[in-house]
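Here's the structure we're looking at; comments come further down.
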Number of protein chains: 2
Amino acid sequence: MTASLEWLGYSAGLLTTLAFLPQVYKTWQRKSAQDISYGMYALFSVGLVLWTAYGFFKQALPIVMANCVTLLLALTILILKFHYEHRNK
Amino acid sequence: MTASLEWLGYSAGLLTTLAFLPQVYKTWQRKSAQDISYGMYALFSVGLVLWTAYGFFKQALPIVMANCVTLLLALTILILKFHYEHRNK
């Protein structure tokens, strides 16, 4: 049970993390992120830091790993949005 | 420790869940979601279902609650995007 539970966690983390890759690609490709909310990615990034801490104390490695990588991708989207909006002005 | 750990989890879940509210509002307000990736929200939604199951078996209520509400918001964004793109054609 414990091993399959870990695998369930890794699969979940893999999906909710990899999910941000198509968004990074789309933003980079369109050079536009006007429909994307700053508020969402700001709140989400702070939340991801807390999830990482939660996973650490809960000794749940899938939570720690998934949230660290998701944080990197979320920050990438935030930076791309900022970059394109200031360049397009 | 256990009580503060639960609170850390609830705060994390609250942030990564509430984060999607400004995106729902922005999408509804702009009536456009062209910069938003279908792939992201599709993969993300499947991942959220798996996280909910993981939280259930891990007996981690914050994970279950947060992911259920996030799933509702992610599906709302997916439906709004589909709606606006088919209406604008």
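Any read-out appearing in this document is the output of simple, stated calculations on the displayed coordinates, not a laboratory observation. Only a predicted model underlies this, so the values are computations on that prediction, with no experimental measurement involved. Cβ placement follows ideal geometry from the backbone for every residue including glycine, while neighbour counts extend to all protein chains displayed.
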With -39,500 (n - 2.57) per DSSP H segment of 4 or more residues and division by the full residue count of chain B, the 222 nm estimate, nearest 500 deg cm²/dmol, is -28500 deg cm²/dmol
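I need the shape label for chain A. Rule: rounded when a/c is under 1.5, else prolate if a/b > b/c, else oblate, with a, b, c from the alpha carbon gyration tensor.
prolate
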Where Cα atoms sit under 30 Å apart: lysine pairs in the protein assembly as shown separated by 8 or more or lying on different chains: 27
Distances in nm between the label point of A:VAL49 (7 Å along Cα→Cβ) and its equivalents in the other copies, shortest first, are 3.4
To one decimal in nm, how far is B:TRP7 from the same spot in the other copies, if labels go 7 Å from Cα toward Cβ? Please give the shortest first. 3.8
What does the average come to when, for each residue of peptide A:49-59, you count the partner chain Cβ atoms lying within 10 Å of its Cβ? 5
Mean-position separation - Cα centroids, segment B:22-69 and segment A:1-25, in angstrom: 13
What's the minimum Cβ distance from chain B to the axis relating it to A, in whole Å, and which residue gives it? B:ASP35, 2
Any idea what angle helix B:38-57 forms with the longest principal axis of chain B, computed on alpha-carbon atoms, 0 to 90 degrees, nearest 10? 20
In peptide B:74-81, how many Cβ atoms from other protein chains are near each Cβ within 10 Å, on average? 1
